[in-house]
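Below is one structure, written out as structure tokens; comments come after it.
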Amino acid sequence: MKTFEYILIKSACIIGLMLHISSSTLDAQINKKTHLALTPPMGWNSWNTFRCDGLNEQLVKDMADIISTNGMKEAGYVFVNLDDCWQIGRYPDGRIMIDSARFPSGIKALADYVHSKGLKLGIYSDAGLMTCAKKPGSFSYEDIDAQTYAEWGVDYLKYDFCNLPMTLNQSPENKETAPVIRTAMKGPPNYTAQQIYLPMAEALGKVDRDIVFSVCNWGVQEPWKWAGDISHLWRTTPDIRPYFKGFSVKYLYFMSIMEIVNRTHNDSLHLYAAPGRWNDPDMLEVGNGKLTYDENVAHFSMWSMMAAPLLAGNDLRNMSPEVLKILTNKAVIAVDQDTLGKQGYKVSEIDGVQIWLKPLSGSRWAVCFLNPKGKKSITTDWQFLKSAETFQAKDVWQDVELKTNAASTIEIPKHGVRLFVLER
Ligand code: GAL
């Protein structure tokens, strides 16, 4: 193409993009469906185990079959979520094209199938031109995509942040907070992360279907401060990986379980969670990688303390009875799903053991002792409760009951937790 033509086309695209975003930001009518996700969403997502290549229709149906028969549905797991790679292109009229080699019956038929099991279907797209796996994104197709999802019977949308056709406004009040941005950052300048999410929030507000909106921008520009008004949950960190403490090399895009827990504490994220607005420290790795029993228990317990979405990310077809037992521990799930909707926070530390507290409905508390190091025995006087009352503390993983009116010695396994529910 001649240089002159190229410049003309490029300028036209840029002006089009600027008009597109500014028309949706200046007078955005966000009609957030506030009755959704009053407790953190629970379900399964394909990404952590199957990535791009492993995703297909049969896999999703298998997962729906399993969740509806193995006790997970009764425990509260309801969403069956496709992640990246179900989409392959666009038709001339702008409608998204399903990868028919992977999904020969289409997404509507899949949604019908998942619904027939009493479950809900989730889907994935991206605010940019392409998803992180370079499939078509929803940029400038927000309305038609939201409408299509609604027609198909989709119940949940995870919305990513790759390949944006604009740069981020990084003025001091919008400063970059994630360690790294995987985004193109070319094109018109100065859009905040919030503005980039508005067109889809607006589009979802217009459709006649309840679709939970999950912002996935890895914590860029502190979504906990702005995403609650336009979505139901927002990612707070880069992607989780199935490691408890860290990696032998430093990855920029990935975080371990303890790195996510520590970031949650350092950024005081509990201040922003409430029914219909949740911090999302990413999907579960329970049962993945080489996580030990105690690490899986600690991961699941801490995600419940953090009122996180509980989206299993393992291969449910090959899960051990031990992993299923962890994922379906009703007392732990009740901590996560408590209707008060408060997120837990770190109150104290004894000899490297972190003590987290989560207010529960009925004037109860959850208390979690998290041990990132080798096996420990600590003694606590329960003073961190700042209460003159005596509570019965029931361990939700083992048959142990303590009283808080006297000092208690608590043994915590290496990389493990002891999680108690306290009632009067
Ligand atoms: C990342 C996202 C992951 C997964 C992946 C798909 O940006 O954080 O959870 O969705 O994209 O390409």
Exercise. Lysines within cross-link reach of K414: Cα-Cα under 27 Å, excluding same-chain residues under 8 positions apart?
Worked result: K245, K250, K290, K325, K330, K346, K358, K373, K375, K376, K394, K403
Exercise. When the helix-only estimate is applied to the chain (DSSP H runs of n ≥ 4, each -39,500 (n - 2.57), divided by the residue count), what is the mean residue ellipticity at 222 nm, nearest 500 deg cm²/dmol?
Worked result: -8500 deg cm²/dmol
Seminar exercise, completed: Expressed as a whole-number percentage, the relative contact order of the chain with C-alpha contacts under 8 angstrom and at least six residues apart is 14 percent
For this session: In nm, give the distance between the simple-model label positions of V400 and A274, each being 7 Å from the Cα along the Cα-to-Cβ direction.
Result: 3.7 nm
Exercise. Efficiency by 1/(1 + (r/R0)^6): what FRET value for E411 and I144, r their Cβ-Cβ distance, R0 = 56 Å, to the nearest 0.05?
Worked result: 0.45
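Rounded to the nearest whole Å³, what is the per residue volume of the convex hull around the Cα atoms of the chain? Don't jump to the answer; show the numbers that get you there.
Working: hull volume 64.8 nm³, N = 424.
So the per-residue Cα hull volume is 153 Å³.
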Problem set entry | Relative contact order (%) - the range 208-278, alpha-carbon pairs under 8 angstrom, separation at least six | 28 percent
For this session: Within the range 288-326, find all residues whose amide N lies under 14 Å from a label point positioned 7 Å from the Cα of K33 along Cα-to-beta-carbon.
Result: none
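What net charge is computed for the residues neighbouring D126, neighbours being all others with C-beta under 9 Å from the C-beta of D126, Lys and Arg scored +1, Asp and Glu -1? Walk me through the intermediate numbers first.
Details: positive: K135; negative: D84, D160.
Local charge sum for D126: -1.
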For this session: Take every Cα pair under 8 Å in the range 125-164 that's 6+ residues apart, average their separations, divide by the length, and report that relative contact order as a whole percent.
Result: 59 percent
For this session: Kindly write out, for the range 88-98 in residue order, the coupling ³J(HN,Hα) from the Karplus curve 6.51 cos²θ - 1.76 cosθ + 1.60 (θ = phi - 60°), rounded to whole Hz, with x marking Gly and Pro.
Result: 9, x, 9, 6, x, 7, x, 5, 6, 9, 7
Seminar exercise, completed: Between the residues S320, M200, C85, the Cα farthest towards the positive end of the dipole of the chain, that dipole coming from +1 and -1 charges on the beta-carbon of Lys, Arg, Asp and Glu, is from S320
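Counting Lys and Arg as +1 and Asp and Glu as -1, each charge on the Cβ, what is the dipole of the chain about the Cα centre in debye, to the nearest 20? Walk me through the numbers before you get to the answer.
On the way: 45 positive and 47 negative charges, 108 e Å.
Approximately 520 debye in magnitude.
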Seminar exercise, completed: Which of A407, A393, A331 fluctuates most in a GNM of the chain (C-alpha springs under 10 Å)? That residue is A407
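By how many nm would the segment from T69 to F247 grow when fully extended, if each residue of separation counts as 0.36 nm and the alpha-carbon distance is taken off? Provide the component values of the computation, followed by the final result.
Numbers: separation 178, 0.36 × 178 = 64.08 nm, distance 3.61 nm.
Between T69 and F247, full extension yields an extra 60.5 nm.
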For this session: For K175 and E322, calculate 0.36 nm times their separation in residues minus their Cα-Cα distance, and state this gained length in nm to one decimal.
Result: 48.6 nm
Problem set entry | Label-to-label distance, nm, for residues given as K375 and K290 (7 Å Cα→Cβ offset) | 2.1 nm
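Read-outs throughout are calculated quantities, based only on the coordinates presented, and are distinct from any laboratory measurement. Since we're looking at a predicted model, the values are computed, not measured. Glycine also receives a Cβ, built like all others from the backbone with ideal geometry; neighbour counts cover every protein chain displayed.
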